[in-house]
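This report concerns only the one structure given below.
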Amino acid sequence: MFSRREFVKTGIASALAGTVPWIRWPLRSQNRPLIIDGLGEIRIDYEMELLDEIRASGMRGCVITVGNPALHGAEAFLDMRREIEAYDRHIAAHPDRLSHAKSVADFDRAAARGAIGLVYYTQNATPIEDDVGRLDVLHELGVRIVQLTYNTRNLVGDGCLWRGDDAGRYPVFESIRGDDSYRM
């Protein structure tokens, strides 16, 4: 079992060695590496000057949390959907600075024009609840990353704050079909 630190070291070493297949080094469309901030945020209320500073830093991608990870039940899905709609409007209003990245090619296109590609991400699986069909809906909405758990327990697993003595309920999602339907 890897510790979190060993996992991060291995991931970084693999990326630098070029062994991770989804990282292109350098990108096809430019001679610079693709820099994606996986822990940062680009908020809708950021001033355009701040976005320009972020773009000037060389960052060309950012993972965006959609939905409030503290919500459960039907409200979790509705909140996530409202936030996605707001981000879609924001991106449409600022196409020179932002782009919704649903694929590696989308990152390449955004980087080529100096925009930041945004990847939609949920911090837990509560928007799915017990409806596996919602994975298709999330994919249609452009969500490309679903963190299974966060602090609290949900139907997929136990969060880091859960202190129960059982292992939670771990459904086998329809998305694990052996095909590439849910890959970028």
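Out of Thr65, Thr122, which single residue is hydroxyl-bearing (Ser, Thr, Tyr), within 27 Å of Gly159 (Cα to Cα) and buried (at least 20 other Cβ atoms within 10 Å of the Cβ)?
Thr122
Need the failing condition index for Arg4 against (1) surrounded by 11 or more Cβ atoms within 10 Å (Cβ to Cβ); (2) at pLDDT below 90, just the number.
The single condition Arg4 does not satisfy is (1).
Show the residue pairs meeting these rules: Cβ distance below 8 Å; 6+ apart or different chains; first residue within the range 82-98 and more than 18 Å from Pro127 (Cα to Cα); second residue part of a strand (DSSP E or B) and of a type in the set (Gly, Ala, Ser).
Ile91/Ser99
Every residue, every condition in (1) under 14 Å from the mean Cα position of the chain (by Cα); (2) over 27 Å from Asp136 (Cα atoms), yes or no:
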position: Leu51; (1), (2): no, yes
position: Ala56; (1), (2): no, yes
position: Met59; (1), (2): no, yes
position: Leu71; (1), (2): no, no
position: Ala74; (1), (2): no, no
position: Glu83; (1), (2): yes, no
position: Leu98; (1), (2): no, no
position: Ala105; (1), (2): no, no
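Out of the residues in the range 39-73 that are part of a loop (DSSP other than H, G, I, E, B) and in contact (Cβ under 8 Å) with a residue 60 or more places away in the chain, state the one that is farthest from Ala93 (Cα to Cα).
Selected residue: His72.
The values are calculated or read from the model by the stated rules, or taken from the named source; none is laboratory data. Note that this is a predicted model, so its numbers are computed, not measured. Quick reminder, even Gly has a Cβ in these numbers, built from the backbone with ideal geometry, and neighbours come from all protein chains shown.
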